[in-house]
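Quick notes on the structure that follows.
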Amino acid sequence: MTGAQLRAARGMLNWSVKQLAARTGISAAVIRRLEEQNGLLRLPDETLTTLCATLSSAGIEFIFGAGKPGVRPR
């Protein structure tokens, strides 16, 4: 996952940083820092799994193709 994908997924769901933090148990400050990063996020596997699972269960699909990584609704 990239910072841009995280921002886009949160935006598609119309969730604030605080809402995502409450749903994942990850602090809002950490989420803000992750969203600012360019490229693939470097974070513990558990944190990445939590973010992906939460966003996926809310209807977001992460795309990793030949072009730029992206997100789309399921």
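The values are calculated or read from the model by the stated rules, or taken from the named source; none is laboratory data. Computed from a predicted structure; not experimentally measured. Note: accessible area is taken over every heavy atom of the protein model, side chains too, but ligands, DNA and RNA are not part of it. Shrake-Rupley method; radii C 1.70, N 1.55, O 1.52, S 1.80 Å.
Solvent-accessible area per residue in the chain equals 62 Å², computed with a 1.4 angstrom probe and all protein chains kept.
Can you give the direction-averaged projected area of the convex hull of the alpha-carbon atoms in the chain, in nm²?
Reported value for the Cα convex hull: 4.4 nm².
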